[in-house]
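**Q** Following this message is one structure expressed as structure tokens.
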């Protein structure tokens, strides 16, 4: 039984029944999921005849897309799986299976760390919802491919192979998200090496990526001989010592699921500390939709990053399962405000607009002038995941 489970249920009930003047939270969630299904079907239909194509963004009024090699390739199939989980539409199921197959070849990918994103969001959700035995082979092969990027001397999974004149062995905070595939592989195969890699990576990231206030760098590059950092940077943020908002959310999400899977209190403490850093941040907006970097010099006259908010919301909803009642209420109140804001016209597109993406106003990499103030597949993915998690909590409370 999860720690404080019954207390969390009480908090959820209070959360859902408060503020009579507002639309009920369950109604907000249901309407958001219905819209997500309609919009996602339009997206799926758009690329039906284009073999291997997967949506990426919508920039300057034009669709942008990729093949499976792009690190985001697994997110749209994952959106379809979450939409299917909630609506049980046979048409959505058909598309979820079809778009998931477009990513299968990435099970052999060994030249980057994003195999977890590619496969666990797509095949992982497909396995969870259908039990399709063929998906297990894809996931296990993918985990083995990912594990080839682990160097025991460094004790971490290498993220990138480029810019070798700058980085010897770069590890980015995003890489925390890919350990979930390895932990699944450990349970399925019984091979403890996958757990050992994950624990080592999580521990060294906790040691070297995070500052005393629990903010994190984006990139830490390690000396391959000593195994120690030789360079710490924030490549996609405002400055090396700034707090790039999506990176902070990756860390929160990663240590939350690590506690779920491994029950090591150090990971729970880390997740709590990151959550509290974010929630109390002096430059966090009242609606909890972060700016693209918490230290951007032109706040408040700069861009929000919806993707950072969606990842944070989904993580906070899960984290509320593992903490005391007071903390659970705090985290769920923040997540509720985020969900209500994201589901509003300020951030949710109109049907058929926005390139058929669900949400607007994400930021990919502002310093690189890449995907700034546009929809992104991973924002949509973590949004529908957050909606699903919160809906499940409210439903469990009714039982």
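Since every read-out is calculated from the coordinates, none of them should be taken as a lab result. Source: prediction; values computed, not measured. When we count neighbours, we look across all protein chains shown, and the Cβ atoms used for this are built from the backbone with ideal geometry, even at glycine.
**Q** Once Rh for the range 30-103 is found with the Kirkwood sum over Cα pairs, what is the Stokes-Einstein diffusion coefficient at 25 °C and 0.890 mPa s, in µm²/s? Each step should come with its number before you reach the end.
**A** Values: Rh = 12.4 Å.
Rounded, D is 197 µm²/s.
**Q** Using Stokes-Einstein with the Kirkwood hydrodynamic radius over Cα pairs, what translational diffusion coefficient do you get for the range 60-160 at 20 °C and a viscosity of 1.002 mPa s, in µm²/s rounded to a whole number? It would help to have the intermediate numbers written out before the result.
**A** Numbers: Rh = 14.1 Å.
Estimated diffusion coefficient is 152 µm²/s.
**Q** Computed over the Cα atoms of the range 210-250, what is the convex hull's projected area averaged over all directions, in nm²?
**A** On the way: hull surface 12.2 nm².
Projected over every direction and averaged, the Cα hull of the range 210-250 covers 3.1 nm².
**Q** By average Cβ neighbour count within 10 Å, what is the ranking of 42-49, 377-384 from highest down? Each step should come with its number before you reach the end.
**A** On the way: 42-49: 15.6, 377-384: 28.1.
Answer by packing, highest mean first, reads 377-384, 42-49.
**Q** To continue, here is another question. When only C-alpha pairs under 8 Å and at least 6 residues apart count, what is the relative contact order of the chain, in percent? Before the final figure, lay out each step's value.
**A** Working: 748 pairs, mean separation 76.5, N = 399.
Relative contact order comes out at 19 percent.
**Q** How would you order 164-172, 220-228 from highest to lowest mean count of nearby Cβ atoms within 10 Å? Walk me through the intermediate numbers first.
**A** Numbers: 164-172: 18.3, 220-228: 16.0.
Top to bottom by mean Cβ count within 10 Å: 164-172, 220-228.
**Q** Also, I was wondering about something else. Return the tail of the calculated pair distribution for the range 256-312, meaning the percent of Cα-Cα pairs more than 12 Å apart.
**A** Working: 1088 of 1596 pairs.
Within the range 256-312, distances greater than 12 Å cover 68 percent of Cα pairs.
**Q** If you don't mind, another one. Could you tell me what a quarter of the Cα convex hull surface of the chain works out to, in nm² with one decimal place? Before the final figure, lay out the partial values.
**A** Values: hull surface 74.2 nm².
Spelled out: convex hull of the Cα atoms, projected over all directions, averaged, 18.6 nm².
**Q** Another one. Quick one: Kirkwood hydrodynamic radius for the range 324-399, alpha-carbon pairs, angstrom, one decimal? Present the calculation step by step, with values, prior to reporting the outcome.
**A** Numbers: mean 1/r = 0.0713 Å⁻¹.
Value: 14.0 Å, from the Cα pair sum.
**Q** Just need the relative contact order of the range 220-343 here, percent rounded to a whole number, with Cα pairs under 8 Å and 6+ apart.
**A** Values: 166 pairs, mean separation 28.3, N = 124.
RCO, the range 220-343: 23 percent.
**Q** To continue, here is another question. Determine how many Å³ per residue the convex hull of the Cα atoms of the range 197-303 encloses.
**A** Values: hull volume 10.9 nm³, N = 107.
Spelled out: Cα convex hull of the range 197-303, divided by residues, is 101 Å³.
**Q** Taking the radius of gyration and the Kirkwood hydrodynamic radius from Cα positions alone, what is the Rg/Rh ratio for the range 260-399, to two decimal places?
**A** Numbers: Rg = 15.5 Å, Rh = 15.8 Å.
With Rh from the inverse mean 1/r over Cα pairs, Rg/Rh is 0.98.
**Q** Over all directions, how big on average is the projection of the convex hull of the alpha-carbon atoms in the range 291-335, in square nanometres? Don't skip to the end; give the middle numbers.
**A** Working: hull surface 14.1 nm².
Over all viewing directions, the range 291-335 projects a mean Cα-hull area of 3.5 nm².
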